Amino acid sequence: MCGIIGYTGKGDAPGIMLDALELLEYRGYDSAGIALLNEGKTQIVKCAGRVKDLRTLCAEGKPVGHCGIGHTRWATHGGVCDENAHPHRFGNVTLIHNGIIENYRELIDKYHLEGQLASETDSEVVAAVLQHFYQGDPYSAIRRTVLKLKGTFALAIMFDDQPDQIFAVRNVSPIVAAVTGDGAILSSDVAAIVPFTSDYFVMPEFHVVCLKPDGVEMFDLSGDKAEIEWQKVDWDVSRSGKAGYPFYMEKEIMEQPEVIRETILPRIKDGMPDFSEEGIPDHMLADCKRICVIACGTAMHAGLVGKSLIQAMIGIHVDVVMASEFMYNDPVVDKNTLVIAISQSGETIDTLEALKFARKCGSPSISIVNVKGASIARASEHVIYTCAGPEIAVASTKAYTTQLAVLYLITARMAMARGIWQEQQTRAYINELLRVPEVLERVLSTKEEIHRLADAVLNAHDVFMIGRGLDYSILLEGSLKLKEVSYIHSEAYASGELKHGTIALITEDTPVIAVVTQEKLKSKELSNIREVQSRGARVVLLIKESETLDEGEQWSCVYRLPKMDDPFMVMPASVVLQLIAYYVSLDKGLDVDKPRNLAKVVTVE
Ligand code: F6R
């Protein structure tokens, strides 16, 4: 959460930072601000609101300079107002912060800061402590301050008397840095660096980086120079931007066939699943007695699909645990438990902490991550990268389906490694997986039809989504999508469970979306649909094109899904639900890509 940018060099720092903040806005959009260090003076422009509001302010105030730091905020401590926007300044120190300083109240007392602070934030307290220790040596002040902090932080700092220099230090919250053609840059995300260079490095925790116009230096906390480990961005830069779509969410939905291909093809050798590039040994998949998937939100919903796939094919027990709850349920993980952590950003702190705990318990681990070099990828034994490319819309779409694609591959490789499937079965499964992109292309070509389906829920207050088994897992994700981008209250409900209480909420004003894709569940699901229809609900039905429906039934809203083998029907059904959510949000005139109260990368617990 919170986007961070810092630039020093020959370029126009305000322009560079404002453009970067627009790219980083998905991390938080409660407020935005920049600070420029120029001839020993620091100028701050900041406001509650979006980066576009900051741009307007900057156009009026015309800040100038070649060295600056900028921030987009997702509020944690203190409300959304101009004062709480970053950068914060105390004495000669100006900083931006991502994370949470847990002991900020104690620091206020210890350094007698009560009454001296301009904001309610924990971040300004760090600026004050830095100022307390600063006697001309930034490294010493940073070192002494960091030792006093409890919590998570990514800090970019400028000192009035250190011209053209930006210092950074972090614990947990990420910072990446790079050298550009005319200076140096740091950010919370690779996305802001990609326009300048494809070479970057991830700052190690508790190291101090100094950005200068002619390069970057790094030191450990004892003051010794540290080696920088450079890496290459392998995102296709041409994928940046909206490519003519009104919102990133639509563009990212449309990209799914392509990014799924990119995710699976390198991991299929001679028609068989292959993780040799990732170095995942077969015994890791063959020996585990159970699996524990840890993830949050959409990634957790991908995990639930993975659970159905693995339990059905392999017959071992799979738990899917919300990472935010993991630590509070006395987790039982050990060397026989394969932990699979799933995360688009690779920075979700709950997932990261749960993974670290599981590793301490001796669990072997694989992570499925989209962002190269992210913390979760580095904290796990093996990583399988999804190739979704940058996902900018806050609501996750292509990351989800690429996570699913990896889970199909893991299922197949595991079945092979355990001798459950022979070559022929594995090939047949992989062949079906290879059909997914083309099937999704078919679904996407009917987006106008799906747009018309969305009308059925457009004006609803409450929506129910019902199905069983794998269909229920699909709907959990579909319902989350609708909630987050349309603000309609939507509940995915296991359809057999409805009559145990919740059916009391079904009326003619409650549209119901039902998904029926699993042969073995069809008759029971259709009975449950009739139960809600009998109570007046209008039903939008997603069902395989090959199914016949009783002519006598009232099916006003039916979408025919292209037929795949049952385990793969998740893919086309999910894309239809993503598009329904998208069109409802669009037709309501909402900011589809930046739903209220949300942020793309959740780095606070
Ligand atoms: C919803 C969404 C979130 C994320 C969740 C985990 O559309 O994007 O629910 O899935 O915050 O994020 P990652 O995958 O980055 O760990």
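The values are calculated or read from the model by the stated rules, or taken from the named source; none is laboratory data. Note that the structure is a prediction, hence the values are computed from the model and not measured. Here Cβ is always computed from backbone atoms with ideal geometry, including for glycine, and neighbour counts include all displayed protein chains. Remember, those area values only see protein heavy atoms, side chains included, never the ligands or the DNA or RNA. Shrake-Rupley method; radii C 1.70, N 1.55, O 1.52, S 1.80 Å.
Please determine, in degrees from 0 to 90 and to the nearest 10, the orientation of helix 13-24 with respect to the longest principal axis defined by the Cα atoms of the chain, where the helix direction is its Cα long axis.
Orientation of helix 13-24: about 20 degrees from the principal axis.
On the first, second and third principal axes, largest extent first, how far apart are the outermost C-alpha atoms of segment 424-569 in Å?
49, 29, 29
For helix 122-133, report the angle its Cα long axis makes with the longest principal axis of the Cα atoms of the chain; keep it between 0 and 90° and round to the nearest 10°.
Orientation of helix 122-133: about 30 degrees from the principal axis.
How far apart, in nanometres, would the label points at E229 and R596 be if each is projected 7 angstrom from Cα along the Cα-to-Cβ direction?
4.3 nm
How many Å² of accessible area per residue for the chain, probe 1.4 Å? Before the final figure, lay out each step's value.
On the way: 22510 Å² over 605 residues.
Here the per-residue accessible area is 37 Å².
With every protein chain present, what accessible area does V190 have (1.4 Å probe, heavy atoms only), rounded to the nearest 10 Å²?
For V190, solvent-accessible area is about 20 Å².
If R₀ is 51 angstrom, what is the calculated FRET efficiency for the pair L265 and E114, using the beta carbon separation as r and rounding to 0.05?
Working: r = 60 Å, r/R0 = 1.18.
Efficiency for this residue pair is about 0.25.
Sorted by accessible area with a 1.4 angstrom probe, largest first, how do E531, E441 fall? Before the final figure, lay out the partial values.
Working: E531 50, E441 85 Å².
Accessible-area ranking of E531, E441, largest first: E441, E531.
D330 versus E39, label points 7 Å from Cα toward the beta carbon: distance in nm?
About 6.7 nm separates the two model spin labels.
Taking a probe of 1.4 angstrom, what is the accessible area of W230 in Å², to the nearest 10?
Number for this one is 120 Å².
Any idea which of Y583, S523, G241 is furthest toward the positive side of the dipole for the chain, if Lys and Arg beta-carbons carry +1 and Asp and Glu beta-carbons -1?
S523
What Kirkwood hydrodynamic radius do you get for the chain when you take the inverse of the mean 1/r over all pairs of distinct Cα atoms, in Å? It would help to have the intermediate numbers written out before the result.
Values: mean 1/r = 0.0394 Å⁻¹.
Evaluated on the chain, it is 25.4 Å.
Explain nothing, just compute: Karplus ³J(HN,Hα) = 6.51 cos²θ - 1.76 cosθ + 1.60, θ = phi - 60°, for every residue of segment 338-351 in order, whole Hz, x for Gly and Pro.
Once rounded to whole Hz, the list reads 7, 9, 10, 9, 10, 7, 5, 6, x, 10, 4, 5, 4, 5.
If I stretch the segment between E438 and W555 completely, what's the gain in nm (0.36 nm per residue apart, minus their alpha carbon distance), one decimal?
Details: separation 117, 0.36 × 117 = 42.12 nm, distance 2.77 nm.
So the chain would gain 39.3 nm between E438 and W555.
Out of all DSSP beta bridges in the chain, what portion is antiparallel? Express it as a percent rounded to 5. List each step's numbers first, then the result.
On the way: 63 of 102 bridges.
The answer is about 60 percent antiparallel.
Nearest 0.05, what FRET efficiency do V64 and H461 give at R0 = 41 Å with Cβ-Cβ as r? Walk me through the numbers on the way to the answer.
Values: r = 51 Å, r/R0 = 1.24.
According to the calculation, E is roughly 0.20.
Given axes a ≥ b ≥ c from the Cα gyration tensor, I'd like to know whether segment 457-541 is rounded (a/c under 1.5), prolate (a/b larger than b/c) or oblate. Walk me through the numbers on the way to the answer.
Working: a/c = 1.83, a/b = 1.21, b/c = 1.51.
It is oblate, given that a/c is not under 1.5 and a/b is not larger than b/c.
Determine the alpha carbon to alpha carbon distance for each of K398/K600; K242/K594; K52/K594; K10/K41; K46/K481 and list only those over 23 Å.
On the way: K398/K600 14 Å; K242/K594 14 Å; K52/K594 13 Å; K10/K41 18 Å; K46/K481 32 Å.
Cα-Cα > 23 Å for K46/K481; rest within.
Would you calculate a helix-derived [θ] at 222 nm for the chain, using -39,500 (n - 2.57) for each DSSP H run of n ≥ 4 and dividing by the full residue count, to the nearest 500?
On the way: 18 runs with 215 residues, N = 605.
Calculated at 222 nm, the ellipticity per residue is -11000 deg cm²/dmol.
With unit charges on the beta carbons (Lys and Arg positive, Asp and Glu negative) and the dipole taken about the Cα centre of the chain, which residue among M322, C81, L352 sits farthest to the positive side?
Sorting the options by dipole projection puts first M322.
Assigning unit charges at the beta carbon (Lys, Arg +1; Asp, Glu -1) and nothing else, what dipole magnitude in debye, to the nearest 20, does the chain show about its Cα centre? Write down the numbers at each step before the final one.
On the way: 60 positive and 82 negative charges, 112 e Å.
So the magnitude is around 540 debye.
If amide H atoms are built 1.01 Å from N in the plane of the peptide, which residues on other chains or at least 5 residues away come under 5 Å of the amide H of D189?
I4, V176
Could you put M327, M414 in order of accessible surface area, largest first, with the 1.4 Å probe and the full protein assembly present? Spell out each step's value before the answer.
Numbers: M327 80, M414 0 Å².
Sorted by accessible area, descending: M327, M414.
Roll a 1.4 Å probe over the protein heavy atoms and report the accessible area of R538 in Å², nearest 10.
The value for R538 is about 120 Å².
Carbon and sulfur together cover what percent of the accessible area of segment 401-531 at a 1.4 Å probe radius?
Values: 2510 of 5120 Å².
Heavy-atom surface of segment 401-531 belonging to carbon and sulfur, 1.4 Å probe: 49 percent.
Which angle between 0 and 90 degrees, to the nearest 10, do you get for helix 297-314 versus the longest principal axis of the chain when only C-alpha atoms count?
Its long axis makes an angle of about 40 degrees.
What are the ³J(HN,Hα) values, in whole Hz, obtained from phi via the Karplus relation 6.51 cos²θ - 1.76 cosθ + 1.60 with θ = phi - 60°, for each residue of segment 198-206 in sequence order, with x given for Gly and Pro?
Those phi angles translate into 9, 9, 8, 9, 8, 5, x, 5, 6 Hz.
Rg(Cα) of segment 37-190 divided by 2.2 N^0.38 Å? Could you put the intermediate results ahead of the total?
Values: Rg = 14.9 Å, N = 154, 2.2 N^0.38 = 14.9 Å.
After normalising by residue count via 2.2 N^0.38 Å, the value is 1.00.
³J(HN,Hα) across segment 216-221 via Karplus (A = 6.51, B = -1.76, C = 1.60, θ = phi - 60°), whole Hz, x for Gly/Pro?
In residue order, the calculated couplings are 10, 10, 9, 10, 7, 6 Hz.
Mind ranking K522, K110, K335, K563 by accessible surface for me, highest first, 1.4 Å probe?
Working: K522 45, K110 120, K335 145, K563 90 Å².
Ranked list, largest accessible area first: K335, K110, K563, K522.
Mind jotting down the distance between the C-alpha centroids of segment 164-212 and segment 471-490, whole Å?
Measuring centre to centre over Cα atoms gives 36 Å.
Among C67, Q116, M218, whose Cα sits farthest toward the positive end of the charge dipole of segment 3-233 (+1 at Cβ of Lys/Arg, -1 at Cβ of Asp/Glu, about the Cα centre)?
Selected residue: Q116.
Once you put a point 7 Å from the Cα of D137 and another 7 Å from the Cα of D509, both along the Cβ direction, what distance in nm separates them?
Reported label-point gap for D137 and D509 is 7.0 nm.
Compute the distance from the alpha-carbon center of segment 23-75 to that of segment 324-381, in whole Å.
Taking the Cα centre of each part, segment 23-75 and segment 324-381 sit 35 Å apart.
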